[in-house]
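Participant: One structure coming up, written as structure tokens, with questions to follow.
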Amino acid sequence: MTRSSLGATRRNVVAGTLTLAAAAVAVGGPPATAANKKKAQAVTSGDSHFVTASDGTQIFFKDWGPRDAQPIVFHHGWPLSGDDWDNQMLFFLGKGYRVIAHDRRGHGRSAQVSDSHDMDHYAADVAAVVEHLDLRNAIHVGHSTGGGEAARYTARHGKGRVSKLVLIGAVPPIMVKTPSNPGGLPVEVFDGFRTALAANRSQFYFDVASGPFYGFNRDGAKPNDAVIKNWWRQGMTGAANAHYLGIKAFSETDFTEDLKIIDVPTLVLHGDDDQVVPVADSAELSAKLLKKPTLKIYKGLPHGMATTHADVINADILAFIQA
């Protein structure tokens with residue numbers, strides 16, 4: 001992605017774009033009370049659950065597999081939901097792991113609250129789920145915005161609970177251009193996202209999914225209509241305000257100190273044709289900050305490679321976990 005392409009057309013503006021992936025089917029959780037605001041609690045319905053975070057926000061999560069198996073926790077991208085991990089959850093479930101995925105606040109089935117759409121709250125919400133399930137020796141896997149969330153969770157809440165970390169097309173260390181991050185994207189790019197979202201969120205999400213997210217805008221690419229519609233479905237299920245505010249969270253949050261703190265083995269996966277989170281200012285820099293990194297860059301793969309090339313990504317994650 002070149003900077004000059006960002007301003008050419010709406011598709012090219014989108015092409016410089018977004019991180020992230022998934023938001024599923026919005027349903028409300030149980031009402032918050034004064035008691036459950038003080039401590040994370042959960043209401044169970046079959047294999048679907050809601051946990052009440054410390055500020056009373058209802059967070060939806062899925063928890064599949066043997067309770068005594070090693071857990072893998074998946075963190076989705078913007079503006080999606082836990083449903084974006086269907087392929088990985090089924091794959092690792094079949095390998096005998098316990099798999100967990102939540103919907104970020106304001107996304108999917110979690111509560112559409114009006115504020116606190118920032119990385120500190122995102123990480124604290126994950127901690128509420130993890131603590132309720134008492135997950136230990138867990139592998140955390142984050143894509144795009146979810147990679148930032150997973151990094152912050154691991155750095156600030158994961159001591160003694162996280163065994164390994166996987167970052168896929170992830171936003172750390174920081175996306176926006178700053179004096180200390182001259183290779184980042186200009187803030188005007190993200191302002192363009194906000195403008196497009198506010199003007200016509202449905203069209204914007206369609207353009208992202210049918211274009212740069214999966215690389216369907218590349219010459220010779222064959223767009224997958226079902227994949228595009230599923231991305232759009234997830235995005236439109238979440239709250240517009242959460243997605244709008246989330247742009248600042250994923251683009252302007254600086255994860256540099258988080259990465260320096262993380263002391264567990266970390267697999268950093270990125271496509272060199274990622275049009276959403278350019279590899280040179282993300283994965284390559286993150287690997288230099290982490291204490292125990294393994295960096296793997298895939299030639300020609302897009303931002304959404306966990307979907308378009310799930311067999312490749314799943315095999316590499318499995319090998320990392322089992323090493």
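Participant: Among the residues of segment 57-66, are any in contact with a strand residue (DSSP E or B) (Cβ under 6 Å, 6 or more places away or on another chain), modelled with pLDDT of 95 or more, assigned to a loop (DSSP other than H, G, I, E, B) and of a type in the set (Asp, Glu)?
Facilitator: For segment 57-66, residues in contact with a strand residue (DSSP E or B) (Cβ under 6 Å, 6 or more places away or on another chain), modelled with pLDDT of 95 or more, assigned to a loop (DSSP other than H, G, I, E, B) and of a type in the set (Asp, Glu): absent.
Residue-wise test of (1) outside any helix (DSSP H, G or I); (2) of a type in the set (A, V, I, L, M, F, W, C); (3) out of contact with any helix residue (DSSP H, G or I) (no Cβ under 6 Å at 6 or more places or on another chain).
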site	(1), (2), (3)
VAL264	yes, yes, yes
ASP274	yes, no, yes
ALA280	no, yes, yes
LYS296	yes, no, yes
LEU301	yes, yes, yes
ALA306	no, yes, no
VAL312	no, yes, yes
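Participant: Exactly one condition in (1) surrounded by fewer than 18 Cβ atoms within 10 Å (Cβ to Cβ); (2) closer than 20 Å to TYR97 by Cβ; (3) in contact with a strand residue (DSSP E or B) (Cβ under 7 Å, 6 or more places away or on another chain) is not met by LEU318; state its number.
Facilitator: (3)
Participant: Considering only segment 269-289, state which residues are surrounded by fewer than 24 Cβ atoms within 10 Å (Cβ to Cβ) and touching a strand residue (DSSP E or B) at 6+ places or on another chain (Cβ under 8 Å).
Facilitator: ASP272, PRO278, VAL279, ASP281, GLU284, ALA287
Participant: Let me ask something else. Look through segment 192-223, keep the residues that are touching a residue at least 40 places away in the same chain (Cβ under 8 Å) and among the basic types (Lys, Arg), and return whichever of them is farthest from LYS248 (Cα to Cα).
Facilitator: This residue is ARG218.
Participant: Say we look at segment 164-191 and pick out the residues that are in a helix (DSSP H, G or I) and crowded, with 20+ Cβ neighbours inside 10 Å; which of these is farthest from the chain's Cα centre (by Cα)?
Facilitator: Among them, the one singled out is VAL189.
The values are calculated or read from the model by the stated rules, or taken from the named source; none is laboratory data. These numbers come from a predicted model, not from an experiment. So basically every Cβ, Gly included, is an ideal-geometry build from the backbone, and we count neighbours across all protein chains shown.
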